[in-house]
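Peer 1: Pasting a structure below so you can have a look.
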Amino acid sequence: MQSQEFKEQFFSQIYDEHVDRIYRFVFFKVNSEALAQDITSECFTKLWRDISLDKEIKNPAGFLFRVAANMVIDHYRVKDQNPVNLDKVAFAVKDNLDIAGQAVQNDDMKKIVAAMGTLKDEYRIALSMYYIEQEPVSEVAKALNKSQGATRVVIHRAMAQLKELMGE
């Protein structure tokens with residue numbers, strides 16, 4: 001059993017390291033700041049609950065991504081909504097791009113987001129984690145609850161389907 005102070009420090013460190021990534025991951029899927037904040041908060045609440053109960057969490061990032069992905073899936077099951085509303089999607093654009101470059105990049109990103117919105121959840125999660133969040137295959141595998149080999153196959157198939165949807 002660990003001390004309360006140790007648990008708080010452990011949680012604080014995990015929160016600081018992962019809150020922005022989990023928020024972006026969720027926002028990309030729900031396209032609502034308020035909902036993304038709520039889901040992100042609930043993910044960390046579940047993490048704190050498990051830490052408080054002395055449950056061993058070997059991979060906090062995988063735990064958080066898995067909880068976030070499940071909560072997003074639950075949200076859409078209940079709401080039966082389309083996960084992407086392109087009119088409201090905000091994209092970060094590098095400062096050094098000119099206006100024309102920003103417009104091209106935003107247009108490309110809208111096409112990618114629209115195509116990703118049609119992928120099945122497992123593919124969308126794998127591509128988001130691997131390419132957007134730049135998580136290693138091992139982390140994606142833990143979030144998907146699959147072996148690393150199976151996860152590589154999922155990422156490959158997801159990318160192939162995305163390219164097909166994009167007309168490449």
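Peer 1: So for the stretch 51-60 (the condition being at negative phi, surrounded by 14 or more Cβ atoms within 10 Å (Cβ to Cβ) and modelled with pLDDT under 75), does at least one residue qualify?
Peer 2: No; the residues of the stretch 51-60 include none that is at negative phi, surrounded by 14 or more Cβ atoms within 10 Å (Cβ to Cβ) and modelled with pLDDT under 75.
Peer 1: Next up: Of all residues in the stretch 61-77 being of a type in the set (Phe, Trp, Tyr) and within 19 Å of Lys146 (Cβ to Cβ), which is surrounded by the fewest Cβ atoms within 10 Å (Cβ to Cβ)? Explain how you work it out, then say what you get.
Peer 2: Taking the stretch 61-77 as the starting set, the residues that turn out to be of a type in the set (Phe, Trp, Tyr) are 63, 65, 76.
Cutting the leftovers down to within 19 Å of Lys146 (Cβ to Cβ) gives us 63, 65.
Values: Phe63: 20, Phe65: 27.
Restricting to residues being of a type in the set (Phe, Trp, Tyr) and within 19 Å of Lys146 (Cβ to Cβ), the top hit is Phe63.
Peer 1: Residues of the stretch 27-50 being polar (S, T, N, Q), at pLDDT below 90 and surrounded by fewer than 17 Cβ atoms within 10 Å (Cβ to Cβ), which ones?
Peer 2: Looking only at the stretch 27-50, we keep the residues that are polar (S, T, N, Q), and these are 31-32, 37, 40-41, 45.
Filter once more, keeping what is at pLDDT below 90: 31-32.
Across the stretch 27-50, the qualifying residue is only Ser32.
The values are calculated or read from the model by the stated rules, or taken from the named source; none is laboratory data. Just so you know, these numbers come straight off a predicted model, no measurement behind them. Glycine also receives a Cβ, built like all others from the backbone with ideal geometry; neighbour counts cover every protein chain displayed.
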